Amino acid sequence: MSRHWRTLMSTLRRLAGTPIATLITVSVIGIALSLPAGLYLLLSNLAQVSSSLEIQPQISLFLKLDAGRDAQRQIEQKLKSHGAIRTFRFVSREQALKELSASNGLGDLAAGLPNNPLPDAYILTAKGNDAALLDKLRLEVSQWPGVESAELDSAWARRLNALLELGQQLTLMLAVLLAFGLIAGMGNIIRLQILTRQEEIEVSKLVGATNRFIRLPFLYHGALQGLLGGLAAWGIIATSTQLLNISVTRLASLYGSTFRLGGLAMNDVAMLLGISAFLGWLGAYLAVSHFLRHFHLSHH
Amino acid sequence: MISLSQVSKRYPGGYEALKDISFTIEKGEMVFVTGHSGAGKSTLLNLIVAIEPPSSGSIIINGQNLSQLRPAAVPFLRRNFGLIFQDHKLLFDRSAFDNVMLPLEITGFDRAEAAKRVRAALDKVGLLEREKAMPIALSGGEQQRLCIARAIVHRPSILLADEPTGNLDSAYAGEILEMFKSFNQVGVTVVIVTHDEQLIERFGNRTLHFQHGRLAS
């Protein structure tokens, strides 16, 4: 245990002894990590927005403005007997105008209208949730006499969800690629470290050091630089979130929302630091092991 | 105990550094190994500390047959030895004290106990006053003695010295040799590789004489 403590201390001294090199390395790791971590944060913020929306698919059935009572009654009959429809409710044009006036930011607009432009409508929910079936249903009802158009309300929410999923996949791919890059980069940094400490390794081996003993300081070096890089990434993300929030809150307030970007949660930060330290450790481990496999002592 | 039986070492390209070498150095013996450069002395040392394997024959160190040693066991074999190098192989990024500490650090020795042993070893070679000095600030003779302190600090059963007096004047060389003799008197097996015939005559120990890779009688 005391060896670990002393190795940690001497590694810190070594890092502090070359401040410029350490700063550069830590910045590179920090920037590389902040890309996927920042994207992850952005996506989880968007996912939060989208999950607060109604995903239960609804079909809005707008009647023609000149559709009479008869047409409406026929439509209602058809809706009642249709096997694929679970619920439906009627929204009269007067009611729709009232809802519009009450809704945020649009009240003034509604008040300024000379007459009610809104049609009568039915809001339907279907029994299934399958996109193809919903679309078929939408098409069917849109062709009924007296119907102006039918719209699948959830379509954009589903599109957003699909986009988020795509974004998550891209983030994951980016993260994996950058992880490989970081391991390789850290391996190279440790390789340079090894070259400057080759004598120490040689003498240690001659006096009976195991590979494990020789590896330890380099593993600390890699893990510590990874950890510092993770902290840098955290700092970059926290600062960017603060800066972006100035614009985001202004934009949100225009929509009457108090939405603001959330920062990384504590367990996300722990994960970020854990992963960055691990990647540094792994790069160092691979570099030292490779070196030891090809290193041959000669006492002359 | 070091025992070689019919040991040969051929290098790729056909050069034969050692040919059919057999000898035994008993526990507690002090032996000189001599011969011209290229006679095979260095190869012999490399084989004994398992830096390279022999092409044929067997080497037994303290009852362990090196050819049956797993690679992972080699570090533990090396802890039987105290190695003294002609070029000292000191680490210039740390003090005299820390140089001598290295073999104990490797074995995971208790730190306080290790510090005592390091000071005892430095005292034995007359460098106790210089424990904080960096090797670069030491004279050639002092560097050699520091190397000796590092070789004895973990109380090895075998001391292997490669040209320990190579760069020293003869008075100083005699002093170093007396030091080895005192280690030998407390039971350490001592093997000294040297080409200094005068020194050998003065001490009159058993001498293994190498000539073109063969052991001359």
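Among the residues of the stretch B:84-93, is any more than 9 Å from chain A (Cβ to nearest Cβ), more than 16 Å from the chain's Cα centre (by Cα) and either farther than 30 Å from A:PHE213 by Cβ or of a type in the set (Val, Ile, Thr) (or both)? Looking through the stretch B:84-93, none of the residues is more than 9 Å from chain A (Cβ to nearest Cβ), more than 16 Å from the chain's Cα centre (by Cα) and either farther than 30 Å from A:PHE213 by Cβ or of a type in the set (Val, Ile, Thr) (or both). Tell me whether the stretch A:172-182 contains one or more residues that are crowded, with 19+ Cβ neighbours inside 10 Å, outside any strand (DSSP E or B) and of a type in the set (Val, Ile, Thr). No: the stretch A:172-182 contains no residue that is crowded, with 19+ Cβ neighbours inside 10 Å, outside any strand (DSSP E or B) and of a type in the set (Val, Ile, Thr). Screening B:GLN86 on (1) surrounded by fewer than 22 Cβ atoms within 10 Å (Cβ to Cβ); (2) more than 26 Å from A:THR196 (Cβ to Cβ); (3) in contact with a strand residue (DSSP E or B) (Cβ under 7 Å, 6 or more places away or on another chain) shows it passes everything except condition (2). Restricted to the stretch B:35-60, and to residues there that are outside any helix (DSSP H, G or I) and within 13 Å of chain A (Cβ to nearest Cβ), the residue that is nearest to B:LEU146 (Cα to Cα) is B:VAL49.
This table checks each residue for (1) modelled with pLDDT of 95 or more; (2) over 18 Å from the mean Cα position of the chain (by Cα).
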position	(1), (2)
B:PRO71	no, yes
B:SER95	yes, yes
B:LYS116	yes, yes
B:LYS124	no, no
B:ARG145	no, no
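Taken residue by residue, the stretch A:60-76 has at least one member that is in contact (Cβ under 8 Å) with a residue 60 or more places away in the chain, among the basic types (Lys, Arg), touching a strand residue (DSSP E or B) at 6+ places or on another chain (Cβ under 7 Å) and within 30 Å of A:PRO145 (Cα to Cα). Residues of the stretch A:176-209 that are within 14 Å of chain B (Cβ to nearest Cβ) and polar (S, T, N, Q): A:GLN193, A:THR196, A:GLN198, A:SER204. Going residue by residue through the stretch B:122-130, is there one that turns out to be closer than 26 Å to B:LEU44 by Cβ and more than 9 Å from chain A (Cβ to nearest Cβ)? Yes, that holds for at least one residue. Reported count of residues in the stretch B:61-83, each being of a type in the set (Gly, Ala, Ser) and facing chain A (nearest Cβ under 9 Å), is 2.
Selection over the stretch B:30-58 of residues that are within 17 Å of B:VAL190 (Cα to Cα) and of a type outside the set (D, E, K, R) gives a count of 12. Would you confirm whether any residue within the stretch B:56-70 is touching a Lys or Arg at 6+ places or on another chain (Cβ under 7 Å), closer than 30 Å to B:LEU122 by Cα and surrounded by 20 or more Cβ atoms within 10 Å (Cβ to Cβ)? No: zero hits.
The values are calculated or read from the model by the stated rules, or taken from the named source; none is laboratory data. None of these values were measured; they are calculated from a predicted model. Positions of Cβ are backbone-derived with ideal geometry, glycine not excepted, and every protein chain shown enters the neighbour counts.
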